[in-house]
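Just below is one structure, and these are the notes that go with it.
Every number here is computed from the coordinates shown, using simple stated rules; none is lab data. Keep in mind it's a predicted model, so treat the numbers as computed, not measured. Neighbour counts are summed over all protein chains in view; Cβ atoms, including those assigned to glycine, are modelled from backbone coordinates with ideal geometry.
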Amino acid sequence: MSSGNRMIPEFNLRRVAALVRKESLQAIRDPSTILIAFALPVVMLLLFAFAVNLDIRRVPIGVVLESDGPAAQSLAAAFSGTRYFAVTPARDRREVAEAVLGGRLRGYVVIPQDFEQRLASIEGGPLVQIITDGTQPNTANFVSNYAQGVISSWRSSRFVGTTGTVTFEPRFWFNQEIESRRFLVPGAIAIIMTMIGTLLTAMVVAREWERGTMEAIMSTPASVPEILVGKLLPYFALGMAAMVLSALFGTLVLGVPLCGSWLALLLISAVFLVPALGQGLLISALTKNQFIAAQVALFSGFLPAFMLSGFLFEIDSMPTPIRMLTYVVPARYYVASLQTVFLAGDIWTVLWPNMLVMLGIGSVFSVIARLATHKRLD
């Protein structure tokens with residue numbers, strides 16, 4: 001018989017269906033897989049919604065009132081009346097300096113003795129002194145900037161009705177209340193999907209290499225593409241189910257709005273699973289060891305998704321080399337897409353480019369994984 005007659009058909013749906021059924025039963029019977037897919041998302045969403053809170057409210061500061069003038073007292077009252085500061089009043093800056101050193105206050109504002117004269121001066125010099133605790137840079141910047149905002153608002157309110165006075169009223173698009181939960185929960189969904197798509201797939205397939213069951217599958221008439229598709233489809237369905245669970249929990253329990261459509265959410269999530277599953281399959285094909293696969297998936301999948309996706313740290317504030325590295329992290333595009341769908345809506349001019357990049361990265365992973373698996377069969 002010629003070698004051409006012995007060739008196996010490249011793709012057979014019946015064999016793929018059998019492999020999908022076998023892999024699905026194996027996943028259902030594995031308690032760790034079910035826990036990672038359905039228990040872990042709830043735990044992570046609760047942690048990011050309540051434990052990881054980036055909202056700055058009631059920051060403890062001191063207000064040192066050295067002047068007894070009515071304008072100085074009015075400004076001190078303005079600081080006490082805002083919900084963003086928990087004010088400790090003082091008459092001498094030495095009273096609050098020790099509290100800043102001890103970490104009980106994040107800074108203090110000094111309203112000097114000559115405040116009335118400074119206010120009346122036409123030279124426009126500084127009115128107050130703002131001291132902040134630089135050991136926490138983000139909080140220090142907030143204290144400084146918001147203290148200046150309180151002063152500006154107070155000055156504007158003193159001259160309401162005066163000709164030529166301009167008052168500023170800030171408006172925040174997409175997240176009017178500036179709640180960190182509204183952008184942390186969509187980002188957490190990306191982390192969950194990365195763990196299911198990359199970490200879980202890499203470990204499960206590597207486990208079969210360790211036990212020798214993968215070699216048994218390779219000895220069947222199924223071709224390499226059929227085996228790979230049969231391996232990935234159950235975890236694709238598992239990832240989509242976990243995403244739906246996470247989105248429902250985020251919207252119904254945590255109160256995060258979904259401004260976009262479920263169709264867009266499902267579409268971008270399905271596209272993201274292409275690079276996530278491809279990366280997990282590639283890791284398992286190259287390592288064939290559960291421990292090594294878990295470590296590689298952690299360092300190449302989970303940590304980049306956590307640190308370099310814009311989930312917690314703004315990409316624009318990163319150094320240029322690191323910022324360039326983020327362009328090859330699929331989670332960067334998924335996080336941006338999720339935050340767009342949840343907070344802004346179906347902005348397809350943003351979603352389509354992100355999906356195309358994710359598909360491109362996923363195609364590269366899948367091709368390399370197929371080549372690596374094929375070489376092991378030679």
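When peptides 76-87, 221-232 are sorted by average Cβ neighbour count within 10 Å, with the highest value leading, the order is 221-232, 76-87. In this structure the amide hydrogen of residue 86, modeled in the peptide plane, comes within under 5 Å of the amide hydrogens of 59, 61, none closer than 5 places in sequence on its chain. Between residue 349 and residue 298, the modelled label-to-label distance comes to 4.3 nm, taking each label 7 Å out from Cα in the direction of the beta carbon. Secondary-structure-derived ellipticity at 222 nm for the chain, considering helices only, amounts to -18000 deg cm²/dmol, per-run term -39500 (n - 2.57) for DSSP H runs with n ≥ 4.
What is the stretch 63-118 by shape, rounded, prolate or oblate, if you read a ≥ b ≥ c off the alpha carbon gyration tensor as root eigenvalues and call it rounded for a/c under 1.5, prolate for a/b larger than b/c, and oblate otherwise? It is oblate, given that a/c is not under 1.5 and a/b is not larger than b/c. Taking the DSSP beta bridges with both ends in the stretch 59-158, the antiparallel portion is around 30 percent.
Counting Lys and Arg as +1 and Asp and Glu as -1 over every other residue whose Cβ lies under 12 Å from the Cβ of residue 232, the net charge comes to 0.
Computed from the C-beta positions of residue 73 and residue 35 and an R0 of 51 Å, the FRET efficiency is 0.30 to the nearest 0.05.
Where both bridge residues fall in the chain, DSSP classifies roughly 30% of the beta bridges as antiparallel. Using the membrane-span-like helix rule (whole DSSP H runs, Cα extent along the own axis of at least 18 Å, mean Kyte-Doolittle hydropathy at least 1.0), which helices of the chain qualify? The answer, listed by residue number, is 181-194, 224-248, 262-287. Using only side-chain charges placed at the Cβ, +1 for Lys and Arg and -1 for Asp and Glu, the dipole size of the chain relative to its Cα centre rounds to 1120 debye.
Just need the relative contact order of the stretch 59-158 here, percent rounded to a whole number, with Cα pairs under 8 Å and 6+ apart.
That works out to 30 percent.
Taking label points 7 Å from Cα along the Cα-to-Cβ direction, residue 262 and residue 318 give a separation of 3.4 nm. Taking other C-beta atoms within 10 angstrom as a stand-in for reagent exposure, 193, 240, 203 fall in the order 240, 203, 193, fewest first.
Were the residues from residue 13 through residue 94 laid out at 0.36 nm apart, the gain over their Cα-Cα distance would be 21.3 nm.
On full extension of the chain, what length is gained from residue 156 through residue 141, given 0.36 nm per residue of separation minus the C-alpha to C-alpha distance?
Length difference between fully extended and current span is 3.2 nm.
Using the charge dipole of the chain (Lys, Arg: +1 at Cβ; Asp, Glu: -1 at Cβ; taken about the Cα centre), state which of 251, 219, 287 has its Cα farthest towards the positive end. Projecting each Cα onto the dipole axis, the largest value belongs to 219.
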